[in-house]
Each structure stands twice: as structure tokens, then as C-alpha cells.
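**Q** A single structure is presented below for examination.
The values are calculated or read from the model by the stated rules, or taken from the named source; none is laboratory data. Source: prediction; values computed, not measured. Cβ coordinates were reconstructed from backbone atoms using ideal geometry, including for glycine residues, and neighbour counts include every protein chain displayed. Each accessible area value is taken on the protein alone, full model and side chains, heavy atoms only, with ligands, DNA and RNA left out. Shrake-Rupley method; radii C 1.70, N 1.55, O 1.52, S 1.80 Å.
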Amino acid sequence: MRKSIVAILLMAMICTSLFAAGAGEAGAVVMNAEKPVVFFNRQPSDPVTGEIDMEVMNWNDKTYYVGFDAAGGGAVQGQLIVDFLASADPAVVDRNGDGIIGYVLCIGDVGHNDSKARTQGIREALGTWAGSTDPGVAQEGSANVGGTTMKVVELDSRAMTGTDGTTWNANAATDAMGGWATRLGDQIDMVISNNDGMAMGCLQASNYPAGVPIFGYDANADAIEAIGAGTLTGTVSQNVDAQATATLQVIRNLLDGLTGDAVVTAGITEPDQYGNKISAAVDYVPETKALLAQNTGVNASNWTEYQAGARDAGIKQTEAPEKRVILTIYNSGDNFLSSSYIPALQYYAPLLNIDLTIVQGDGQNESSCLDRFMNLNSYDAYAINMVRTNSGRDYLDRLQY
Ligand code: BGC
Ligand code: CA
């Protein structure tokens, strides 16, 4: 008799504390390990080989990656440059008239798949690809310049790591550009950068050779304005609105209880139950559980279409039940994430009724992000952008209990 009363009391205590810890609306307790986890922008992968970390991606059946078609984007960037050269006047582009198109390259983050894909896309398009995305590994290439075939040489390339260890560092690009302009002078016929932050950094160099064509990537607002002003030649849009919405939409779908294909189609390739659908193309790659937005080249002919403030009209205010999500950003100083991605997230999250808590790191120490990845019981889902692409496990370990 006594025993069973104790048992009943114990059960009651356990139940109350479980409910207090994280009861959902339906009253069921969801363990953190069973909640949705969406990695975005920095794909869990090996920094050296680029191989996608499927152990992390298979953490639970609600784990996904949202990014963009990196390989396709590299090709778009390469094509943008090739098209520019094809319609250029050789006498103008070849500044020192040596019959060679010389270029310098800002790589960004040698351990990041997006960076690798762009380096490869550029080098393949210009024939300088020598089988490696490492700085300095390039061969002599060739390109059609206004109807004439000319040699192409990669004069130098750098990762662009800041003095503090941060990657994709715009200040490092300013310094490197200053050095290149002094050392290489009019051998430099083009400047190519794997992101807009570094391209804008190059343009900041006081001795930037005025008028030398320069290409970036991301279609950040300042880069688009620079195209309009004629200082930046071209960039690539990785369709940040589609990515930011897809990150939130997958979480929404999972929290709404969708399963199977619906998780990656509702609101993405077909309207969801609220009538929302992302307007741009976002493809699903089942092998890597990745949703990837498509890229488009941007230059003087179409830059006005990419001016800031254009949001996806396909996403409207819903009456979906409110959910809480914590989202990490690897580096509060990253130009693309802070000037493009976060504003897009902040625009779409309220429409999807997602209460978003954004925590930001310093771009060099994983702990700067991990230490802010806390109070995990009080969130319904997690969105993760790691400092290092092979740190996914460290975040997941915190969801184990
Ligand atoms: C962007 C870069 C950015 C990086 C951050 C890339 O996709 O193009 O500008 O620095 O993501 O992870
Ligand atoms: Ca030349």
C-alpha cells in the first residue's frame, strides 16, 4: 500500500518536472535530441577534402542543410568573368599590352566549401585550374578577349585571413590589394574575389588601380550600389532571401509535424498550408539532406533588379502557432551574414511566426558561438552556422540531454 503511494507520488513528480522542462502545446515532452536542427551557410564538411559530414547530417531525421548550389555558383561566377572578357576591348583590358590577362584572387576561407567551389569555378573558366583550390596552385590559361585568344595568368591568390584569425577578412583584402598594386603594378588586369566583402575591401586600397575590373560574390547591398556606380564590375547573387526563408520554412514544416517529402516541398516547391511559397528555385539534394538555392550573375545590365529592399512577395503573414528558435552566426563581422542574411531572417521569421533568437560568434573561436548556444530546452528548434565546418558535432552534443 505504502509502496504504491510512493510510486504514484514519484510518477507525479517526474511528470510535473518533465512538463515544466519543455512541454509542447499538445502537452507532450520533446527531447532536445528529437527537435529540428538546420545547418545553414556553412555546410558540415571536412575543411581539407570538402567531404560532407553525413554523420552530423544524420543526427536525427529532422536534420537538414540549407545553402545554395555552390558548384553551380562557381560556374556562374566564372561565366560572368568569361562573358566580360569576351565583350571587352583587348587594348583596354590588357593594361601593359603584354598579351597576357593577369589577375589576382581573394579566396576567403580555404576550409569552406563555398570558397572552394568559387576558386574552382573561376580557375576552370579561365583555364588556370590545376586540380587544387589552394592559394597559388594555378596553371597558365587562356580566354577569348573581344575575339582574340589571350593567355591568362593568376599572378597571386590569398586566403585572406585576418590578424585575429577570422576568415573572409575584408581588411586583409585591403592590405593584400595594396601590396599587389605596389608589387605587380600594371600586370594586374583583373581582380577577382570570392565574396563582396573582400572585393569592397580591395577597392578600399588607397592605391587601387582605378578602372581595373573587379568581381565579387554575394550581391550585398553595397556591392550592388558599387555596380551601379561603376566601381564593381560584377557579382553573383546566391539568393539570400530564398536561403533565409528556406532555413525557416524547413523548421516550420518540421514543427508543424510534416514528414517525408513534404518537409522539403511545402512552402518551397509548392504552397504550404498557409499559402506561402518561396518564389525562387530551391532544389533538394536527398543524398546530403541539402536544400540549395540557385545563383544568378549580376552586372551593369541587371543590377537594378538586385537593389536592397526587394523581398519575396510569395511569403506572407501566417497564423501558424508561434515557435521559438535559436540561431547561431559564426562571425558577427561577416559582411554577407550581417548585411544580407540576418536582415532577411528578421524579415521572414515573424511572417512564419517564428520567434528567433540570434546569437553571434567572433569568427575564430568555436566557443564564441557555442557558449551562447544555451537554454536549449526553451527552444523548439535549432539553426546552426558554425565557425569551423567540422564543428557540427560540438553543437549536437549539447542537444543530447
Ligand atoms: C558567402 C561569404 C560569407 C560566407 C560565410 C559565403 O557563402 O559568400 O560572403 O563570408 O558564406 O560563411
Ligand atoms: Ca597584361
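**Q** Tell me which residues come under 5 Å, amide H to amide H, from Ile214 once H is placed; ignore anything under 5 positions away on its chain.
**A** It is Val191, Thr233, Gly234, by chain and number.
**Q** Let me ask another. Could you count how many Lys pairs in the chain have their Cα atoms under 14 Å apart, skipping same-chain pairs fewer than 8 positions apart?
**A** Value for the chain: 4.
**Q** With unit charges on the beta carbon (Lys/Arg positive, Asp/Glu negative), name the residue among Thr167, Gly102, Ala219 whose Cα is farthest towards the positive pole of the charge dipole of the stretch 71-237.
**A** Sorting the options by dipole projection puts first Gly102.
**Q** Also: What is the sum of charges, Lys and Arg at +1 and Asp and Glu at -1, for the other residues whose Cβ falls under 12 Å from the Cβ of Thr265?
**A** Combined, the nearby Lys, Arg, Asp and Glu give -3.
**Q** Cα gyration tensor of the stretch 71-237, axes a ≥ b ≥ c as square roots of the eigenvalues: rounded (a/c below 1.5), prolate (a/b > b/c) or oblate?
**A** rounded
**Q** Additional query: Stretch Asp261-Val285 to full length: gain in nm at 0.36 nm per residue minus the Cα-Cα span?
**A** Difference between extended and current length: 7.5 nm.
**Q** Once phi is turned into ³J(HN,Hα) by the Karplus curve 6.51 cos²θ - 1.76 cosθ + 1.60 with θ = phi - 60°, what whole-Hz value does each residue of the stretch 322-331 show in order, with x for glycine and proline?
**A** Taking θ as phi minus 60°, the curve returns 5, 10, 9, 10, 9, 10, 9, 10, 4, 8 Hz for the stretch 322-331.
**Q** Rounded, prolate or oblate, given the Cα gyration tensor of the stretch 310-392, with a/c below 1.5 counting as rounded? Present the calculation step by step, with values, prior to reporting the outcome.
**A** Details: a/c = 2.91, a/b = 1.42, b/c = 2.04.
Judged from the Cα gyration tensor, the stretch 310-392 comes out oblate (a/c at least 1.5, b/c at or above a/b).
**Q** Using only Cα atoms and rounding to the nearest 10 degrees, what angle (0 to 90) does helix 2-22 make with the longest principal axis of the chain?
**A** 30
**Q** Hey, what do the phi angles of the stretch 155-171 turn into as Karplus ³J(HN,Hα) couplings, whole Hz, using 6.51/-1.76/1.60 and θ = phi - 60°, x for Gly and Pro?
**A** After applying 6.51 cos²θ - 1.76 cosθ + 1.60, I find 6, 6, 8, 9, 5, 6, 9, x, 4, 8, x, 6, 8, 6, 7, 5, 5 Hz.
**Q** From the backbone phi of the stretch 311-316, what are the Karplus-calculated ³J(HN,Hα) couplings (6.51 cos²θ - 1.76 cosθ + 1.60, θ = phi - 60°) in whole Hz, Gly and Pro given as x?
**A** For the stretch 311-316, the Karplus-derived couplings read 10, 6, 5, x, 10, 10 Hz, x marking Gly and Pro.
**Q** Based on DSSP, what percent of beta bridges with both residues in the stretch 71-237 are antiparallel, to the nearest 5? Write out the running numbers ahead of the final one.
**A** Details: 6 of 20 bridges.
In the stretch 71-237, approximately 30 percent of DSSP beta bridges are antiparallel ones.
**Q** Just grab the label-to-label distance for Arg393 and Asn144, each label 7 Å out from Cα along the Cβ direction, in nm (one decimal).
**A** Taking the two extended label points, one gets 4.9 nm.
**Q** Thr357's amide H: which non-local residues (gap 5+, or another chain) put their own amide H closer than 5 Å, with H modeled 1.01 Å from N in plane and none for Pro or chain starts?
**A** Answer set, sorted by chain and number: Val325, Ile326, Leu327.
**Q** Further question: Just the number, please: carbon plus sulfur as a percent of the accessible area of the chain, 1.4 Å probe, no ligands or DNA/RNA counted. Before the final figure, lay out the partial values.
**A** Numbers: 8680 of 16580 Å².
Solvent-exposed carbon and sulfur of the chain make up 52 percent of the total.
**Q** Long-range amide H contacts for Val66: which residues qualify at under 5 Å (H placed 1.01 Å from N, peptide plane, sequence gap of 5 or more or a different chain)?
**A** Counting only residues 5 or more places away or on other chains, the set is Phe39, Phe40, Asn41, Leu291.
**Q** Compare the peptides 184-194, 365-375 by average per-residue count of other Cβ atoms within 10 angstrom and give them in order, highest first.
**A** Numbers: 184-194: 23.0, 365-375: 16.2.
For the peptides 184-194, 365-375, the packing ranking is 184-194, 365-375.
**Q** By the scheme Lys and Arg +1, Asp and Glu -1, what is the net charge of all other residues having a beta-carbon under 11 Å from that of Val38?
**A** +4
**Q** Can I ask one more? Count the net charge of all other residues whose Cβ sits under 11 Å from the Cβ of Leu105, scoring Lys and Arg as +1 and Asp and Glu as -1.
**A** Once all neighbours under 11 Å are counted, the net charge is +1.
**Q** Return, ordered by residue number, the residues of the stretch 317-347 whose backbone nitrogen is under 20 Å from a label point located 7 Å along Cα→Cβ of Ser378.
**A** Once the point is set 7 Å along Cα→Cβ of Ser378, 322-329 turn out to lie under 20 Å by backbone N, inside the stretch 317-347.
**Q** So, in Å, what gap is there between the alpha-carbon centers of the stretch 209-285 and the stretch 171-198?
**A** Each part reduced to its Cα centre gives a spacing of 28 Å.
**Q** Given the rule -39500 (n - 2.57) for each run of at least 4 DSSP H residues, summed and divided by the residues of the chain, what is its mean residue ellipticity at 222 nm, to the nearest 500 deg cm²/dmol?
**A** -10000 deg cm²/dmol
**Q** Here's something else I'd like to know. Full extension from Asp186 to Glu319: what is 0.36 nm times the residue separation minus their Cα-Cα distance, to one decimal in nm?
**A** Once the chain is fully extended between Asp186 and Glu319, it gains 41.9 nm.
**Q** Over the chain, what is the percentage of antiparallel beta bridges among all DSSP beta bridges, to the nearest 5?
**A** Roughly 30 percent of the DSSP beta bridges within the chain come out antiparallel.
**Q** Identify which of Gly257, Gly127, Gly197 has the largest mean-square fluctuation in a Gaussian network model of the chain, with springs joining Cα atoms closer than 10 Å.
**A** Comparing Gly257, Gly127, Gly197 in a Gaussian network model of the chain, the most mobile one is Gly257.
**Q** Right, another one. How much length, in nm to one decimal, is gained on full extension between Thr304 and Ala71, taken as 0.36 nm per residue of separation minus their Cα-Cα distance?
**A** 81.3 nm
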